[in-house]
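For reference, the structure discussed in these notes is given below.
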Amino acid sequence: MKSKVTLINIISSLTLQVVTVISGFIIPKIILTNFGSSVNGLVSSLNQFLSYITLIEGGITGVVLANLYKPLVDHDNKKISAVLVTAKKFFNKIGYLFIAYSIGVAVVYPILSKEGFSWSFVASLTVVLSLNLLIQYLFSLSFRVLLQADKKLYVISFTQIVITVCNIACAFFSVKIYPSIHLLKLLTGLLYIIQPLVYGYFVKKHYSINWGTEPDDNLLKERWNGFAINCAAFIHNSTDITILTIFTNLATVSIYGVYTLVTNGLNGLFAAVFRAIAPTVGQAYAKGDEHELNKKLDLFEFITFISVYFCFTLSGLLITPFVQLYTNGITDVDYIQPIFGVLIVMAEGLYLIKEPHLDLSYSANKFKELSVPAFVEAGINILVSIILVHKLGLIGVAIGTIAGMTYRMAYQIYFTTKIVKNRKQWIFYKKLLAFSFVTLIGVAICHFVPLTEITVWNWVLHAFIYALIFGVLYLILSLLLFKKDVRYLKEYILK
């Protein structure tokens, strides 16, 4: 079981993300069809403002994970208990603050909104949408970080699969029985109570946690080192919608939300794989074995490159035709935005490509050292987006994201050389240049097979053709230039 746990985690996480992607397309479509683009934009905007509470978390989740790797390897139950008690105490405080914050958003947002919804409609919807995060902070997160650090991600994944499937069913039947956005979101929010019930049972059965242990005050001090990291990640996920809400309108937010259904779905799929692999790299670092660490980092980096380039290149070619099919029959907003589609896919690809190096930094507990570059990344993103949104709208915020991501990618590759002394930056940039060059060749070839008539069959057919073209190109590239990485991957799969 231990030798296959990473593979089990990857499979279960990928299954979850496939289900999540399906849900991510079905539920917004139900909302768009039954309630319109403005309500869909309102839900996206409110969810974004409610998520601001995660800034108060200050990076504690990443710090907890980093502090759990070594005691789990050493089977130090006393240290594990101290870390979890500290985390639980802190998450509970955030939960109580979130209650007050949600009430504040419910009161203020509808007053400032100029979209024509009544105060009671927006305020009550805000309270309903807050249930998901509230349940997680008060009851789930302390269990979740333990399971994630100990490579038990499959428990989290299977639980969430059940919740997601039930979400789809509730959304479908609620609009049939009583079409109300409030009822739909209330039912889907309450389902999250399943999380703490399952996680708590599993932790109680498989771990000896002493919840009466004194909390580790030093851990709470370390969280400020993780604040910038958490802040930068939050800004990456929230800047675009926030700026579009302030400077444009909810219909534009809805367009952004529809396009990011694709990128968020892909991000979820990759996050599933990364969460499964990252503890392996983290534990290699904790053991102090530089050879094993380099080998696993090489493998992680190669998997990231070939999968990100393959999936995001296809998405860049196919995202706008997909949105055209997805929004067929919805005429209140023009959803055909091809330039924005390509740019937002590029931005998210840049965000993911650095992930092996970012996870290594987290595993090495280098939160303090990354504070300044994290704030610089966030500042670039916000500044460029605000400057360009007035004239370029959606395209402007996408360019802002690309600018921030490019800086952070370059810095993260440089910082890895500070953690792994004998590792050279050219290892990463060789892959970056090679995959970028081959991608341009593939895009040129695909232009000879254009997708002109937009139908479901044509879209699927072209997706298959494009996938075949890039699959062959990346395979040839890997066999020619990255034989060592291919061998590592083969050994890992067989093992």
| message | Taking loop as defined by DSSP and a crowding limit of 12 other beta carbons within 10 Å, which trypsin sites (Lys or Arg not before Pro) in region 83-120 fit? | response | LYS114
| task | Given the peptides 138-146, 289-297, arrange them by the average over their residues of other C-beta atoms within 10 Å, most packed first. | result | 138-146, 289-297
| task | Run down the aspartates and glutamates and flag those whose C-alpha is under 18 Å from the C-alpha of LYS89, throwing out any fewer than 8 positions away in its chain. | result | GLU57, GLU214, ASP216, ASP217, GLU222
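Students sometimes get this wrong: rank LYS151, LYS287 by accessible area, probe 1.4 Å, all chains present, largest first.
Descending order: LYS287, LYS151.
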| field | Identified option (computed volume of the Cα convex hull per residue in Å³; candidates [x] 147; [y] 178; [z] 226) | value | [x]
| Going by the alpha-carbon gyration tensor, a ≥ b ≥ c the square roots of its eigenvalues, is region 126-195 rounded (a/c under 1.5) or, if a/c is not under 1.5, prolate (a/b greater than b/c) versus oblate? | oblate
| request: Beyond 29 Å between alpha-carbons counts as too far, so tell me which of LYS4/LYS424; LYS70/LYS424; LYS29/LYS204; LYS418/LYS484 fall in that bin. | output: LYS4/LYS424; LYS29/LYS204
| remark: As straight-line cross-link partners of LYS391, the qualifying lysines (C-alpha separation under 28 Å, not fewer than 8 residues apart within one chain) are LYS114
| Which FRET efficiency value, to the nearest 0.05, is calculated for TYR52 and LEU480 with the Förster distance at 60 angstrom and r the Cβ-Cβ distance? | 0.80
| query | Under a plain spin-label model, where a point goes 7 Å from the Cα along Cα-to-Cβ, how far apart in nm are SER436 and ASP334? | reply | 3.2
| query | Within straight cross-link reach of LYS93, meaning Cα distance under 17 Å, which lysines are found once same-chain residues fewer than 8 apart are removed? | reply | LYS221
| query | Want the number for ASN294 to LYS391: 0.36 nm per residue separation, take away the alpha-carbon distance, what's left? | reply | 30.3 nm
| said: Given R₀ = 30 Å, what would the calculated FRET efficiency be for LEU97 paired with ALA271, taking r from the Cβ atoms and rounding to 0.05? | reply: 0.70
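The values are calculated or read from the model by the stated rules, or taken from the named source; none is laboratory data. All of these numbers come straight from a predicted model, not from anything done at the bench. With ideal geometry, Cβ positions are generated from the backbone for all residues, glycine too; neighbour counts draw on all protein chains shown. These area figures cover heavy atoms from the full protein model, side chains too; ligands, DNA and RNA do not enter into them. Shrake-Rupley method; radii C 1.70, N 1.55, O 1.52, S 1.80 Å.
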